[in-house]
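One structure below.
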Amino acid sequence: MTGKQTKQSPALAGKRGFSLISDEKFRQLYAALLQCEMLDQRLRAVQGYQPWTGREAASAAVSACLRRGDSITPTPRGLLAHSLHSGALALSSVPLSPAKQLAAANQQAAHHKRENKGNVTAVFTPAAAPSAMSKIFAAAASRSLPVLYILEGATPPEEACHGIPVIRVDASDTVALYRVAYESITRAREGGGPTILECAAWPADPEPADPLQKLEQYLTAKKLFRPHWKRQLQKNFAALQINPQECHPE
């Protein structure tokens with residue numbers, strides 16, 4: 001179960017190279033993905049929420065790579081990941097264009113770079129106009145900003161990326177997304193600059209895959225999945241008091 005890539009810098013893996021995924025991390029990924037899918041269903045009635053159907057795996061994978069001090073730019077596409085990472089629901093009352101969402105991520109990443117604590121920013125957004133992306137990506141590349149751009153199924157033109165690695169990954173493959181996000185974030189922490197992660201429906205799939213079902217099959221093969229464990233997680237997440245009205249303006 002590997003990530004599919006379009007362009008990749010030789011330095012993408014970071015100084016420490018690729019890491020093995022522990023059984024505990026696999027369980028964490030599954031719990032995060034299950035929570036994402038349950039939260040998605042509860043938020044569909046919220047004005048301004050944009051369901052990212054079939055793309056919940058990216059939210060679970062990226063949030064599992066982050067640590068305290070990292071940030072997720074509040075965007076409609078990033079609400080699930082932001083909730084997992086911060087424990088809060090943050091939905092802007094004034095929708096920003098994709099270009100402004102990307103620019104906001106650059107501002108957060110620039111703040112992290114000034115602090116020099118190794119923190120990173122992630123942003124989930126549709127692709128912006130090529131001219132806007134070119135300007136934003138050029139600024140991030142020139143300053144080696146610690147930012148991960150997670151784009152929805154649209155490969156940016158090469159000339160707009162200014163040398164930033166672009167990695168295309170099956171949007172339903174949580175494990176592949178985690179591997180790519182982990183290495184990209186590690187690279188950013190080490191000063192290697194930004195990465196563009198493109199979440200795409202995979203051409204080889206006859207129909208859109210269910211990320212949760214795919215991960216369950218993967219964990220079953222590794223003898224890590226138990227139905228009673230899933231039921232307990234569902235019970236725990238269902239008991240969480242999440243009021244859609246708590247989505248507060250940023």
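Answer rounded, prolate or oblate for the stretch 158-231, using the Cα gyration tensor with square roots of eigenvalues a ≥ b ≥ c: rounded when a/c is under 1.5, else prolate when a/b is larger than b/c, else oblate.
On the way: a/c = 4.02, a/b = 1.73, b/c = 2.33.
Since a/c reaches 1.5 but b/c is at least a/b, the shape of the stretch 158-231 is classed as oblate.
Going down the table (K25/K135; K25/K235; K214/K235; K100/K230), which pairs top 28 Å between alpha carbons? Each step should come with its number before you reach the end.
Working: K25/K135 37 Å; K25/K235 21 Å; K214/K235 21 Å; K100/K230 38 Å.
The pairs that break the limit, which is 28 Å between Cα atoms, are K25/K135; K100/K230.
Just rank C65, C199, C36, fewest to most, by other beta-carbon atoms within 10 angstrom.
Numbers: C65 22, C199 25, C36 28.
Listing C65, C199, C36 from fewest to most nearby Cβ atoms yields C65, C199, C36.
Can you list residues from other chains, or at least 5 along the same chain, whose modelled amide H is less than 5 Å from the amide H of R168?
Close amide H contacts, sequence-distant or interchain: Q5, T6, K7, E198.
Please go through the stretch 62-156 and write out the trypsin sites (Lys or Arg not before Pro) that DSSP classes as loop and that have at most 13 other C-beta atoms within 10 Å. It would help to have the intermediate numbers written out before the result.
Working: sites: R67, R68, R77, K100, K113, R114, K117, K135, R143; in loops: R67, R68, K117.
Qualifying residues, ordered by number: R67, R68, K117.
Using a 10 Å cut-off around each Cβ, can you sort T186, T125 from fewest to most neighbouring Cβ atoms?
On the way: T186 20, T125 23.
So the residues, fewest neighbours to most, are T186, T125.
Counting other beta carbons within 10 Å of each residue's own, what order do D173, D40, D23 fall into, fewest first? Numbers along the way, then the final one.
On the way: D173 25, D40 18, D23 11.
Ascending Cβ contact count within 10 Å gives the list D23, D40, D173.
Give me a comma-separated list of calculated 3J(HN,Hα) values for the stretch 129-140, in order, Karplus coefficients 6.51, -1.76, 1.60 applied at θ = phi - 60°, integers in Hz, x for any Gly or Pro.
Using θ = phi - 60°, the values come out as 4, x, 5, 5, 4, 4, 5, 5, 5, 4, 5, 5 Hz.
Answer rounded, prolate or oblate for the stretch 101-205, using the Cα gyration tensor with square roots of eigenvalues a ≥ b ≥ c: rounded when a/c is under 1.5, else prolate when a/b is larger than b/c, else oblate. Don't skip to the end; give the middle numbers.
Details: a/c = 2.07, a/b = 1.31, b/c = 1.58.
Judged from the Cα gyration tensor, the stretch 101-205 comes out oblate (a/c at least 1.5, b/c at or above a/b).
Read the figures in this text as sums done on the coordinates, not as results from a lab. Treat the numbers as computed from the prediction; the structure is a model and nothing was measured. Heads up, the Cβs are rebuilt from the backbone with ideal geometry, glycines too, and the neighbour counts pull from every protein chain shown.
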